[in-house]
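Reading through the structure tokens given below for one structure.
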Amino acid sequence: MRTLLLILNLILFISPGFGQPSKSPLEYVDVFMGTSNSRWMLGPYATMPFGMIQLGPDNQGDQWMGGYEYAINSVSGFSHIHAWTMAGLRMMPTTADLVLEDRPVDAPYKGANAGYHSRILKESEKGSPGYYEVYLYDHDVKAEMTVTTRCGFQKYTFPRKKESRVLVDLLLPSEYGLQINDARITKVSNTEIEGYADCSSAGWNNYKLHFVLQFSKPFKNMNGWNQGKEQDGIKEISGKDDIGVYVVYETEKDEEILVKSGISMVSIDQARLNLNTEINTPFGWDFNAVKENAKTQWEHILNRIKVSGSNEVDKVKFYTNLYRVYAAKQTWNDVNGLYMDPCEHVQQSPDGVAMYGGDAFWNSFWNINGLLSLITPDISKNWVLTQLELFEKTGWTGKGPTGLEYSGIMEGSHEMALMLSAYQKGIYTEDPDKLYQAMKKNVTVSGGRYECGGYVGNPGLDHYINHGYMPSDKGVTNKTLDYAFDDWCVAQMARAIGNKKDYRSFMKRSENYKNAFHPTLKFMVPKDSKGNWKEDFNPFDNYNFIEGNSWQYTLYVPHDIPGVVELVGKDLFNTRLEEGFEKSKEHKYAAHALDRTGGRKSEYYINHGNQVNMQAAWLFNYSGKPWLTQKYTRDIMETYYGSTPYHGWEGDEDEGQMGAWFVMSSLGLFEMNGGGDKEPILDLSSPLFDKMVVQLDSNYYSGKEFVIEVRNNSKENLYIQSAQFNGKPLESCQLKFKDVVGGGTLELHMGKNPNKSWGKL
């Protein structure tokens, strides 16, 4: 009997998914997923949610999508900033022959030393949210790193060496290039150095990075270099271009040397304040305590959604995509609220406000905005407060405030969709009139070059207003569509504050998209200022469209899909859309897999890898065929998204937009107009898991749970047969946002064949 019990216990222990403790959401995150062929902002870096620092490995040169490539088995160094159009402060422990430059690992050998980089043992490379480690083979050093929001903490385990070094290099390769205009590094003591680097990147982004480095062991001396000339035994070095220092140690076998770093865009004193506040006072030299703190902060976010089901790969995809949403954008104010505004003036943010920045809000209303508002409304509110603070201090909101500079990147002013949604959802309600004035300026004052650098507002707005569309000889055709959506957002905010005149005016302008619609061709077609349509029109031609084509942009009217369906005609609309999905399926719905000839992409249909097309699968909910939304959202999650370093996403992740779409679609939720209605609506589709539990915020919402239970769910049984919400039958493929955040249970019954009578609007 005892033997039988032992056998049964052994079976329970070793059977996959049975009798074993379940993993936590954090344990499902794979920070290496999708890091081959990825952007600068998406390596396996140690970072906090919206952290100023993304501390981790670089191994590529100055090139598009440069930074970290998983397939390269070497590391050039560990830099602190991996933000869009921003880089800075690389460090590297070395013990091999002294080299003060680092050429790309794949650069041709021309007789010079290849650099201070090191080969790595790939199996030694490990990472998790807030942590990274690797063994540097050529230097025989184990490097570990963790972070707080504004500070880094590294631990180097050295071999026995007469000369071990820690290099600090201010000029490093990056995706958008980096120029050092002026820099200075000063030895404060044998355990501390400080400095700054006046940086330029991308031809327009100027920022001054200040830093303080503190070492756990006194170094013997500090040496430096500038533009190829070495200086030994220095207390300070200054210059431009290629500049850095290295500190020297004699180390014993397995000796650990720890380095703490604080950074700031404001001043060295502020960098030291950040370091003292976030690491020195609470943690001292306890590396593991800082690592655990990062883990706790990540668990706080990841635990807000719990998913259940037997497919472990889908859980890895889900939680890694959720992690990516919060891992690539930054907080740019210091611990006491000081920040550097776009005109390089030091400003004080209001109490409790985190000043956020990152890449563009272009079409983020289809992915990131909705997820943030659902599970982290506090972050949504901080985005709104960031925009209002910028508007108050500089007169404009920012469509992509990287480092809080005005980038002017991408089309429209889609930060307004987030601002509107936050008001409509009750996340930000303090000053609706100020919110409206900040939004209204973007649709009434033509944008352009900002006096302090970059671009603001909507360029060419006067042409759009005068013609009722953007003439092809004055700007790209898709500005008509982007600006019309902006008009709709402002109209909704005007109605919210009771301004009926502005509401009617901007609602009328929001119909301008119809002026770009060719009544015979049934496509959005470029039209010049004299009213002449483009000749030799091809719907797959990229001419006069940004990162898309006419076939895609004809679907691009977030605020009035029923209007577009009516213009095209429901039958033709559905025929086109179904054809596009079927012809794109073999390419995993990613246009980069198709041929390019003369600037034209052959049969360029669905491209989930770019923002213009990320709503496509959800359009069937509006054209009378919601079962096809269920079919294609599930297929995109299955085929477009992967779970390995080489297949994470097929396109440009753009700081969490691909990840957020996966998370929301896994829940079977979507916001077509970005949640801008008076009563925001969530579209429904086929969820990925058997059960999903969303913990709702108690400060903004009910504090209860929103539960999605999916009966008879499988990869084959992907069609919704019937639905109930809180026990009552649900016949529509939509739910009110207020009902979701009020808590309750959405129950879906699934089947192998479509129920074509369920879900029609």
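The values are calculated or read from the model by the stated rules, or taken from the named source; none is laboratory data. No experiment lies behind these values; they were computed from the predicted model shown. No Cβ is skipped: glycine too gets one built from the backbone with ideal geometry, and neighbour counts run over all protein chains shown. Ligands, DNA and RNA are excluded from the accessible area calculation, which covers all protein heavy atoms including side chains. Shrake-Rupley method; radii C 1.70, N 1.55, O 1.52, S 1.80 Å.
Per residue of the stretch 483-493, in order, report the coupling 6.51 cos²θ - 1.76 cosθ + 1.60 (Karplus, θ = phi - 60°) as ³J(HN,Hα) in whole Hz, putting x for Gly and Pro.
5, 5, 5, 4, 4, 5, 4, 5, 4, 5, 6
Scan around Ser722 for amide H atoms under 5 Å from its own, H built in the peptide plane at 1.01 Å from N, and keep only partners 5 or more places away or cross-chain.
His749
Can you tell me how much longer the chain between Ser702 and Trp285 gets when fully stretched, taken as 0.36 nm per residue apart minus their C-alpha distance, in nm with one decimal?
Numbers: separation 417, 0.36 × 417 = 150.12 nm, distance 4.05 nm.
Gain on stretching Ser702 to Trp285: 146.1 nm.
Which value at 222 nm does the chain reach when only helices count, each DSSP H run of 4 or more adding -39,500 (n - 2.57), with the total divided by all residues and rounded to the nearest 500 deg cm²/dmol? Each step should come with its number before you reach the end.
On the way: 17 runs with 194 residues, N = 761.
Rounded to the nearest 500, it is -8000 deg cm²/dmol.
What whole number of Å gives the distance from the Cα centroid of the stretch 611-652 to the Cα centroid of the stretch 254-298?
For the stretch 254-298 versus the stretch 611-652, the Cα centre distance is 40 Å.
Skipping prolines and chain starts, which residues have an amide H placed within reach, meaning under 5 Å, of the one on Lys142, given they are 5 or more residues away or on another chain?
Under 5 Å from the amide H of Lys142: Leu136, Thr157.
Stretched out fully, how many nm does the piece from Ser757 to Ser267 gain, at 0.36 nm a residue minus the Cα gap?
Going from the current span to full extension adds 170.1 nm.
Post the alpha-carbon centroid distance, the stretch 456-481 to the stretch 354-393, in whole angstrom.
So the separation of the two Cα centres works out to 25 Å.
Step through the residues of the stretch 663-677 one at a time and calculate ³J(HN,Hα) from phi using the Karplus curve (6.51 cos²θ - 1.76 cosθ + 1.60, θ = phi - 60°), rounding each to whole Hz and writing x for Gly and Pro.
Ordered by residue, 3J(HN,Hα) equals 5, 5, 5, 4, 7, x, 10, 6, 10, 5, 9, x, x, x, 5 Hz.
Just the Cα atoms of the stretch 686-761: what Rg and Dmax do they give in Å?
Looking at the stretch 686-761, its Cα Rg and Dmax stand at 13.0, 42 Å.
Using a Debye calculation, one point per C-alpha and no hydration shell, please list log10 I(q)/I(0) for the stretch 622-677 at q = 0.13 Å⁻¹ in order.
-0.38
Between Asn190 and Ser310, how high is the FRET efficiency from 1/(1 + (r/R0)^6) when r is the Cβ-Cβ distance and R₀ = 60 Å? Nearest 0.05.
It comes out at approximately 0.55.
Give the percent of DSSP beta bridges with both residues in the chain that are antiparallel, rounded to the nearest 5.
95 percent
Round to the nearest 10 and give me the degree value, 0 to 90, for the angle of helix 570-584's Cα axis relative to the longest principal axis of the chain.
30 degrees
Kindly point out, ordered by number, any Cys in the chain whose beta-carbon has no other cysteine beta-carbon under 4.7 Å away.
By the Cβ distance rule, which asks for a partner under 4.7 Å, the isolated cysteines are Cys151, Cys199, Cys489, Cys733.
Considering the options Thr477, Val75, Ser124, tell which one lies farthest towards the positive end of the dipole of the chain, charges being +1 on Lys and Arg and -1 on Asp and Glu at the Cβ, about the Cα centre.
With unit charges placed on the Cβ atoms, the residue in question is Thr477.
Okay, which of the stretch 447-486 sit inside 15 Å, backbone N to the point 7 Å along the Cα-Cβ direction of Asn532?
Flagged as within label range: 471-474.
Placing one identical point scatterer on every Cα of the stretch 297-417 and ignoring solvent, what is log10 I(q)/I(0) from the Debye formula at q = 0.13, 0.18, 0.19 Å⁻¹?
-0.56, -0.96, -1.05
Top to bottom by accessible area (1.4 Å), largest first, where do Lys570, Lys187 land?
Ranked from most to least accessible, the order is Lys570, Lys187.
Taking all protein chains as present, what is the carbon and sulfur share of the accessible area of the stretch 294-382, in % to the nearest whole number, probe 1.4 Å?
The value for the stretch 294-382 is 49 percent carbon and sulfur by accessible area.
Taking 0.36 nm per residue of sequence separation and subtracting the Cα-Cα distance, how much length would be gained by fully extending the chain between Ser238 and Lys23, in nm to one decimal?
72.4 nm
Restrict the search to the stretch 233-316; then list the trypsin sites (Lys or Arg not before Pro) that DSSP places in a loop and that have at most 15 other Cβ atoms within 10 Å of their Cβ.
Details: sites: Lys235, Lys240, Lys253, Lys260, Arg272, Lys291, Lys295, Arg304, Lys306, Lys315; in loops: Lys235, Lys240, Lys253, Arg304.
Passing both the DSSP loop test and the Cβ count: Lys235, Lys253.
Using the Cα centre of the chain as the reference point, and only Cβ charges (+1 on K/R, -1 on D/E), how large is the resulting charge dipole? Debye, rounded to the nearest 20.
About 1580 debye.
With unit charges on the beta carbon (Lys/Arg positive, Asp/Glu negative), name the residue among Phe219, Phe523, Gln231 whose Cα is farthest towards the positive pole of the charge dipole of the chain.
Going by the charge dipole, the pick is Phe523.
Output wanted: per-residue J couplings in Hz (rounded whole) for the stretch 499-516, from phi through Karplus 6.51 cos²θ - 1.76 cosθ + 1.60, θ = phi - 60°, x for Gly and Pro.
8, 5, 4, 5, 4, 5, 5, 6, 5, 4, 5, 5, 8, 4, 4, 5, 6, 9
Name the long-range amide H neighbours of Asp541: under 5 Å, sequence gap of 5 or more, or other chain; modelled H, no Pro or chain starts.
Ser550
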